[in-house]
Structure formats: C-alpha cells, structure tokens
C-alpha cells in the first residue's frame, strides 16, 4: 500500500519509492545531507562516509547514499552523533595526503604574500590549486575540522604533470572513486581504475602509465567529478591560490551539432575554462576534449575578427556588408558563366545543426547545386 512507503527524516514524515536511498529521499524533500564521494548516475559506494546519518535502531551511523529507505525508518541528519562522525571522517581525509584546506587559518601574517610565494613552489605543495573551489575544504570549514588531529600520510607518488591538459596530483587524492565512476560508468571510457592495495592504493590508468600513454581521451569527465585538487586542468595551475570569482555564462558548445550545454567561466572579459552544465540535456554535464579544453582559440592573437578582402598580394579589412556583397556578386557571376555545378559549399562540423541546415538550404535552393559537404577540421 502507498501509505506503507513512508519514513521520518528529522521528525518530518516523507514518502519514498521502493529502491530509493535515504539520500535520494532527503534531496527530493529539500533536506540537506552533505556528500563527497557520491556521484549522481553512478553506483553508490559510501567510501567517504561524509553522508552518514543516524538511523533509529542501527548500531552505527549509516551511509545515506547507499542505504535503502524502508517503511517506518526514523532518520536524523544533523544529530550530535552525526556531526561528530562527519567531522572525524573529514579529519581523516585531511590527513590522508597533502591537503592545505585550512592553511588560511594557520596564523599567517600576510595571506596575499603567501599566495604569491606559493605560486613558485614545486608542485604547488604549499597551497592546493583547487583552493577556494574544493568540496573537502568546504566541508572542513563547515564542520570545523582540525588538520592537525592525525599525522599526515606520506606522499608516495610524484605529481604527474607530463600529460596534455590534465595534471594528476596523487598526494591530494582521497580515493573517493568519483573519477573512476565518471570514466567507467558515465563516459564508459574505462581508462582508469583503482590500483594496488592498502596504503599503496592509487588511481591508475592502463599499466599504471601516464594518461597520455593510456586509453584516456582527455574528455575531462574525471576533472569535473574530482571534489579536491587531485585532478586539475593544466591551465588552472597558473591561477593557483589566486582564484577570484568568475562569471559563469551558460551557452551551447560550438564544436558540433549535438548542442551540449556548457558554462564558460569568464574573468576580466576572458574565458578561463569551460565546464558542463549538469542535470541538463543533452550532455548532462559531460563534455568531449574539444568542448572542455578547446577554448583557447577565442583569445588567440591570430584570430580574425573582421572580414578581409584580397587586393593584389595582400588583404584589407572590410565591413560585413561590403564583404557579403562581394561574395554574392562573385557567386552569381560564376553561376551565370559556368553553371550551378561549378559551385560548391564546404560547411563545418563546428557549427550547429541549424546553421548546417541553412548552409545546405542555401546551396541547393539559392545556388542550385547539390555540391555541399563539411570539413571536421574547420
């Protein structure tokens, strides 16, 4: 019966659908439960233990991302026991590697000078490149975690900075598994997995080789999924510790006709990076290597911003009206002189489906030829 599928969260009676987890029920009812390893659309693991809740009758705290809802279940999401448990788990994560989440609280005399000096340090060991944009840091501050409660684990693997586009810093990896799930379950590239055991554990590519020598296609899905500074775009290292709020402008990726939704992160009039818009189709946060990393051409000094008309051995700048009139006149003259089949149109795979439709319509209906194709390199 429908009335049997009810439970209580923080004293509020809510309904659930059989198969839903406690976390899913809470989120659907606007009840906040923090997460770190949980990745929507992937199998829950409960690895980080940050989403733990107190369930009446249970001996221990329960990982809400993996525990199924049950009739009559009574759940507390912010009880003193839950808060203590989350704080402890966060402090253990802070001690698992080189995490500088709370470095600003270390009594530094001049924070700005420290940031500038940290830019020169090898591997950015003094400050994380994800500082100010890190889920672990947010949780550490929220739950007033201490970074000195446990001894810091030994750094066992060097920074992998020989890859194009992506830097892997194993000292900041918390082994949450989000990158593995993003690669294997969301993108289905199967390029990375868990490797080794115990304190030697790490995320490995095929044969434990650098990403550039593996099956990785550099889509960056793992980068967007990483909640800490273990996976960062190469370009982010230039801004390490100097993050300022960037405006996020939603737009449509221009590289093909799929219509992927992206956020362009804009600062001082310049696009500094692109990320996928989550929970929105058709891509639901996923991007290809071009959509995520191929935006440097926007500010390339050699990029044409005005039409050019050839005169003699050179070119001169012109207005759009003059340029279009010239093209229309040349095409009309060629068609009249040699026939429509003497003309052809080469479109681009980097424009939208609608624009390609207009290109073929112009070719067939206006020029009168079926000679239309596209070039993926344009």
Inset, instruction - Please compute the Cα-Cα pair-distance distribution of region 2-78 with 10 Å bins starting at 0, giving whole percents from short to long. - result: 21, 57, 21, 1
Inset, instruction - For the chain, with a Gaussian network of springs between Cα atoms less than 10 Å apart, report the residue from 134, 176, 37 with the top mean-square fluctuation. - result: 134
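Only helical DSSP H runs with n ≥ 4 go in: add -39500 (n - 2.57) per run for the chain, normalise by residue count and round the 222 nm mean residue ellipticity to 500 deg cm²/dmol.
Details: 9 runs with 80 residues, N = 378.
Counting only the DSSP helices, I get -6000 deg cm²/dmol.
Using Cβ counts within 10 Å as a stand-in for footprinting exposure, how do 175, 234, 287 rank, fewest first?
Values: 175 19, 234 13, 287 25.
By the 10 Å Cβ count, ascending, the order reads 234, 175, 287.
Only bridges whose two residues both fall in region 225-378 count here: according to DSSP, what percent of them are antiparallel, nearest 5?
Details: 16 of 20 bridges.
Beta bridges within region 225-378, antiparallel portion: roughly 80 percent.
Residue 321 to residue 193: FRET efficiency via 1/(1 + (r/R0)^6), r the Cβ-Cβ distance, R0 56 Å, to the nearest 0.05? Kindly include the intermediate steps, with their values, before the conclusion.
Details: r = 57 Å, r/R0 = 1.03.
After rounding, the FRET efficiency stands at 0.45.
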Inset, instruction - Extending each Cα 7 Å along its Cβ direction at residue 346 and residue 60, get the distance between those two points in nm, one decimal. - result: 6.4
Legend entry - For region 149-172 versus region 1-69, the gap between their alpha-carbon centres in whole angstrom: 33
Legend entry - Theoretical gain in end-to-end length, residue 365 to residue 333 [0.36 nm per residue, Cα-Cα removed]: 9.8 nm
Inset, instruction - Give me Rg over Rh for the chain, both radii from the alpha carbons and Rh done the Kirkwood way, two decimal places. - result: 1.09
Legend entry - Cα-projected label distance for residue 133 with residue 358, points at 7 Å along beta-carbon direction, nm: 3.3
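Taking the Cβ of each residue in 347, 371, 43 as the centre, tally the other Cβ atoms inside 10 Å and list the residues starting with the fewest.
On the way: 347 19, 371 14, 43 11.
Starting with the residue having the fewest Cβ neighbours, the order is 43, 371, 347.
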Legend entry - Listed residues 302, 229, 41, most fluctuating in the chain (Gaussian network, C-alpha, under 10 Å): 302
Legend entry - Residue with peak Gaussian network fluctuation, the chain [Cα springs, cutoff 10 Å], from 30, 268, 321: 321
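Throughout, read-outs are computed from the coordinates displayed, never taken from laboratory work. Keep in mind the model is a prediction, meaning the values are calculated, not measured. Please note: Cβ atoms are built from the backbone with ideal geometry, for glycine as well, and neighbour counts cover all protein chains shown.
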